[in-house]
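A.B. asks: Shown below is the structure under consideration.
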Amino acid sequence: MSHGDDGSSSKRTEKSFTALIVDDNSLIRKMHESILKSIGITTQIAHNGKEAVDIFRSGANFDIVFMDMEMPIMNGIEATKELRAMGMVCKIVGVTSCENTDEKEAFKQAGLDILHEKPLTLTKVNSILEQTQNSSP
C-alpha cells in the first residue's frame, strides 16, 4: 500500500478504510473497486442487495458502502432500508444511472447519506470521502 501520493489518501489508509461495493454490473464493480484500491481502500464485493445484507448479517463492518439502486434479487432501496433497520451506521452512498426522480427520492429516503450518478470517478470518490469525513462525529 502506498501512502502520500496526494497527501489526503494517506490519512484515510492509516486505519485501513474499508468499503463494500454493491452492484450487479461486473464492469462497474471492477471500475469502482480499481478506483478505491488505487487510494488504499480495502474493498469487498456484493452482487446484489441480498448479498450485502447477508455480508453485514455475518458480522462484517465497513466504513462506507457504495450501493447500486437497480439490481436483481434485492434492489438498493430495499437493501438500504434493511441495512439501516439492522443497525448499519456507516455511510451509504447510492450510485445510480436511473433518471427517475421519484425512484431517486425513494432511494434517498431509504437511508442514503449521499447519491451520485454512475460511474464513480476518482474525483467523485475523493469528494464523497471528504463529505463523509466532514460529517462524521
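Bear in mind these aren't lab numbers, they're just calculated from the coordinates by the rules spelled out. Given the structure is predicted, the values throughout are model-derived calculations rather than measurements. When we count neighbours, we look across all protein chains shown, and the Cβ atoms used for this are built from the backbone with ideal geometry, even at glycine.
A.B. asks: Where does the charge balance sit around ARG29 when Lys and Arg score +1, Asp and Glu -1, over other residues with C-beta under 13 Å from its C-beta?
C.D. replies: Numbers: positive: LYS30, LYS37, LYS118; negative: ASP23, ASP24, GLU33, GLU51, ASP68.
Summing Lys and Arg as +1 and Asp and Glu as -1 gives -2.
A.B. asks: Please check the chain for the longest run free of GluC sites (Glu not before Pro) that are loop-located per DSSP (anything but H, G, I, E, B) and have at most 13 other Cβ atoms within 10 Å.
C.D. replies: 15-98
A.B. asks: Let me ask something else. About the Cα centre, and with charges only on the beta carbon of Lys, Arg (+1) and Asp, Glu (-1), how big is the dipole of the chain? Nearest 20 debye, please.
C.D. replies: Rounded to the nearest 20 debye, it is 400 debye.
A.B. asks: What is the mean projected area of the alpha carbon convex hull for the range 21-131, to one decimal in square nanometres?
C.D. replies: Mean projected area for the range 21-131: 6.2 nm², to one decimal.
A.B. asks: For LEU27 and GLU130, calculate 0.36 nm times their separation in residues minus their Cα-Cα distance, and state this gained length in nm to one decimal.
C.D. replies: Values: separation 103, 0.36 × 103 = 37.08 nm, distance 2.53 nm.
Extra length available between LEU27 and GLU130 comes to 34.5 nm.
A.B. asks: Please list, by residue number, everything in the range 97-137 whose backbone N is under 20 Å from a paramagnetic label point 7 Å out along Cα→Cβ of THR42.
C.D. replies: The answer is 129, 133.
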